[in-house]
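This report concerns only the one structure given below.
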Amino acid sequence: MTSPAETGRLLEQRVAEFFRANGYEANCNEVIEGRSGGRHEIDVLAEKSDALTTYRVAIECKAWQKPIEKDVVSKLHYVLGDLGLHKGIVVSLAGSRAGAERTATDLGVELWGPDELRRHLGDAALADLNVPAASSSAHWGYRFSASE
């Protein structure tokens, strides 16, 4: 069985491999100084260049046992602005809470939970990452029901 830190590193490597396979240069654990003077570590930084521009994507990987909250999304959004990056993705093995999903929609950050990971990386790449079984619901949170 792998430790949480090892699982996190493996997740970062698998995500970087996916971006490389799709034409990006991708590096793990890049440290970049922002406009604020603060330094930010990006789990996976993926870049694709053409004759006109370079498109840069920051991917934050969370190999946690519980779904992410909105603060993870908000922090990545801040980092994107400070570094002048084009897109942000939060990858979470355990998915995300409804508040994180609303925040991501509002801030333009993409979320990849277990279902998106399976779609992008495939079951073979996820076999040793302890990804939860496919869900029938896109939201994590509390079930609500009410009678008339």
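The values are calculated or read from the model by the stated rules, or taken from the named source; none is laboratory data. These figures come from a predicted structure and were not determined experimentally. Neighbour counts are summed over all protein chains in view; Cβ atoms, including those assigned to glycine, are modelled from backbone coordinates with ideal geometry. Just the protein is used for accessible areas: all its heavy atoms, side chains included, with ligands, DNA and RNA removed. Shrake-Rupley method; radii C 1.70, N 1.55, O 1.52, S 1.80 Å.
Just to be sure I understand the filter: pairs with C-beta atoms under 7 Å, separated by 6 or more residues or on different chains, first member in region 51-71 and more than 22 Å from Leu10 (Cα to Cα) and at pLDDT below 95, second member of a type in the set (Lys, Arg) and open to solvent by less than 90 Å² (accessible area, probe 1.4 Å). Which pairs pass?
So the pair list comes out as Tyr55/Lys48.
Is there any pair linking a residue in region 87-104 that is farther than 22 Å from Asn130 by Cβ to one that is small (Gly, Ala, Ser) and open to solvent by less than 20 Å² (accessible area, probe 1.4 Å), with Cβ under 8 Å and at least six apart or on different chains, and which?
From region 87-104, the pairs are Lys87/Ala58; Gly88/Ala58; Ala104/Ser96.
Based on what the data block shows, is Glu41 part of a strand (DSSP E or B), open to solvent by 40 Å² or more (accessible area, probe 1.4 Å), more than 23 Å from Leu129 (Cβ to Cβ) and at pLDDT 95 or above?
Against the criterion (part of a strand (DSSP E or B), open to solvent by 40 Å² or more (accessible area, probe 1.4 Å), more than 23 Å from Leu129 (Cβ to Cβ) and at pLDDT 95 or above), Glu41 does not qualify.
I want to confirm something. Restricting to region 46-68 and keeping residues that are polar (S, T, N, Q) and in a strand (DSSP E or B), which single residue is least open to solvent (accessible area, probe 1.4 Å)? Spell out how you get there, then give the answer.
First pass over region 46-68, keeping only residues polar (S, T, N, Q): 49, 53-54, 65.
Cutting the leftovers down to in a strand (DSSP E or B) gives us 49, 54.
On the way: Ser49: 81, Thr54: 54 Å².
Once the filter is applied, the top-ranked residue is Thr54.
Can you pull out every residue in region 5-37 that is in a loop (DSSP other than H, G, I, E, B) and surrounded by fewer than 18 Cβ atoms within 10 Å (Cβ to Cβ)?
Listed by number, the residues that qualify are Asn22, Gly23, Gly34, Arg35, Ser36, Gly37.
Just checking, how many residues over region 92-133 are of a type in the set (Asp, Glu), out of contact with any strand residue (DSSP E or B) (no Cβ under 9 Å at 6 or more places or on another chain) and surrounded by 14 or more Cβ atoms within 10 Å (Cβ to Cβ)?
Qualifying residue count for the region: 1.
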